[in-house]
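**Student:** Here it is, the structure in full.
The values are calculated or read from the model by the stated rules, or taken from the named source; none is laboratory data. Just so it is clear, the structure is predicted and the values come from calculations on it, not from any experiment. All Cβ positions, even for glycine, are placed from backbone atoms using ideal geometry, and neighbour counts span all protein chains on display. The accessibility values were calculated without ligands, DNA or RNA, using every heavy atom of the protein model including side chains. Shrake-Rupley method; radii C 1.70, N 1.55, O 1.52, S 1.80 Å.
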Amino acid sequence: WASIQRLGKIAAHLLSRKGKHHAAAVCLRLVDSPVISPSRGGPLPARPGAPSRAHLSAGSSQSLPASASRPRAMKIAVEGCMHGELDKVYDTLRQLEEAEGVKIDLLLCCGDFQAVRDESDLQCVNVKPKYRTMNSFWKYYSGQAVVPYPTIFIGGNHEASNYLWELYYGGWAAPNIYFLGFAGVVKFGNIRVGGLSGIHKQQHYHLGHYERPPFNEDTIRSVYHVRHYDVLKLMHVKEPLDIFMSHDWPLGITEYGNWQKLIQEKRFFEEEVNKRTLGSEPAARLLNKLKPPYWFSAHLHCKFPAVIQHGEDGPTTKFVALDKCLPGRGFLQVIDIPSSPGPHEIQYDEEWLAITRKFNSVFPLTRMPFTMRDEQLDMQDDRQWVRSKLNARGAKPIDFVQTTPSFDPSKPASNPPLPVHYRNPQTESFLQLLDLPYLLDSSNSHGVNRNESSSQAGCTLNSDDIELPEDPDEDDPAEEDD
């Protein structure tokens, strides 16, 4: 922990002194922190009588006692909003390694990754035209640049959504860069990493995934809005997770950190903080259910730490929201997690594959309202089925496959073609592994809910489990997102 404390200071000093990069790392160290007792009621109960201040700073002198018997610690870097600045983030981590003599094992990104391969992808990113720039992801996609660290990311609200839809279940967006999917869990060594992509907008929460490229002015926003279906799958995760990522902050999380300082720095948050509307209710429910040791978010472009005690004598979650990659901003966090010797590689997670197989029979793909009773389903048969498959083929995903040519800076496209859906070979391989049909190119996005997957092989859910809420106002336009 003490060495992690020094990483941010050394990196910031080096980058400032050399002036080599625009991005300056602000790395914090997570310490054993007292729990915040919220002054207002929240969905995340604090331990009664807990101290009134959390500590999460590079300046703290606290450190955990050294122990020679501890297993090797895996060094995991976590980044907030990437916004396509892969070169800057990777260069910052190299500076940290050189300065401290350590090795970063894994990089996680909490959304707005912007996996933009070409000019057609750029049309699918919901940003103002003046912000539509290729940045640096395309170089890693094409092989012009090599990814120096295994990288796992979730989606945010500024993404090449056409490309991420190809990889709805997760997969390699580029060599050594893995998209966790719209919701997902994977293993890296013996570390379990889970995540939820997108941001919460209630008017779309109970709808199916009806959006298809090319997107219009509404669907380019709604495509990244979190859906009940994906949250429900994550609510069925029972085995412990080590790290969870969401782009949105969990609703009520500000009551477990220094919210007064937050609104001093971000005055426009004050009304939402006071009214308890800042953040995502589905993310808060997942935090309450999963209780991971670490939870990281981004989206609001500021740093905010908090510590949540889940009931008296319950587990503790250390939460950090991270900024975007800009000079002097708190966009990077490095943590140590005890780990087995390896191999340190991304692998499928058995429990998550069983959940995916179980729920794919009711995969909602239209605008028809969809929800299910919030009750735990029996996964034992699916676990055994998945286990036998993984024992036979192994748990590694298939290798990365390009599905469209990369951007060529020597031949920029002044009038790029409209994006269309490609069947990604990785997704086809994943579905073949689970004996499930391919549904992502369904064109019936505005008709009745066919639930084409109900005739697939494998287990199906009882239709009695499905509830249809009242039909929302479909004419309500998607709200403007940050």
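**Student:** Per residue Cα convex hull volume for the stretch 103-149, in cubic angstrom?
**Tutor:** That works out to 85 Å³ per residue.
**Student:** Looking at the stretch 102-243, what % of its DSSP beta bridges pair antiparallel, to the nearest 5?
**Tutor:** Numbers: 9 of 17 bridges.
That works out to approximately 55 percent antiparallel.
**Student:** For the stretch 305-438, list log₁₀ I(q)/I(0) at each q in 0.09, 0.10, 0.16, 0.18 Å⁻¹, using the Debye formula over Cα point scatterers of equal strength and ignoring solvent, two decimals each.
**Tutor:** Result of the Debye calculation: -0.55, -0.68, -1.24, -1.20.
**Student:** Using R₀ = 41 Å, calculate the FRET efficiency as 1/(1 + (r/R₀)^6) where r is the Cβ-Cβ separation of A73 and N216; round to 0.05.
**Tutor:** So the FRET efficiency works out to roughly 0.30.
**Student:** Here's another thing I want to ask about it. Need the full-extension length gain, R276 to Q203, defined as separation in residues times 0.36 nm minus the C-alpha distance. One decimal, nm.
**Tutor:** 24.4 nm
**Student:** Given labels modelled 7 Å from the Cα in the Cβ direction, how far is it in nm from F268 to T133?
**Tutor:** Here the modelled spin labels are 2.1 nm apart.
**Student:** Amide H to amide H under 5 Å from V78: which residues, 5+ apart in sequence or cross-chain, H placed 1.01 Å off N in plane?
**Tutor:** Under 5 Å from the amide H of V78: L108, Q333, V334, I335.
**Student:** Still on this structure, please answer the following. Read phi for every residue in the stretch 392-405 and hand back ³J(HN,Hα) as whole Hz from Karplus 6.51 cos²θ - 1.76 cosθ + 1.60, θ = phi - 60°, with x for Gly and Pro.
**Tutor:** Here the 3J(HN,Hα) series is 7, 10, x, 9, 7, x, 5, 5, 4, 9, 6, 10, 7, x Hz.
**Student:** Using a Cα-Cα cut-off of under 28 Å, which lysines could be cross-linked to K139, ignoring same-chain neighbours fewer than 8 residues away?
**Tutor:** K18, K20, K75, K88, K103, K128, K130, K187, K324, K396, K411
**Student:** Still on this structure, please answer the following. Which whole-number percent is the relative contact order of the stretch 181-258 (Cα, under 8 Å, 6+ apart)? Write out the running numbers ahead of the final one.
**Tutor:** Values: 93 pairs, mean separation 30.0, N = 78.
Across the stretch 181-258, relative contact order equals 38 percent.
**Student:** Can you send over the solvent-accessible area of K238, 1.4 Å probe, protein chains only, in Å² to the nearest 10?
**Tutor:** K238 exposes around 140 Å² with every protein chain in place.
**Student:** What ranking, highest mean first, results for peptides 184-190, 75-81, 396-402 when packing means the other Cβ atoms within 10 Å averaged over each residue?
**Tutor:** The most tightly packed comes first, giving 75-81, 184-190, 396-402.
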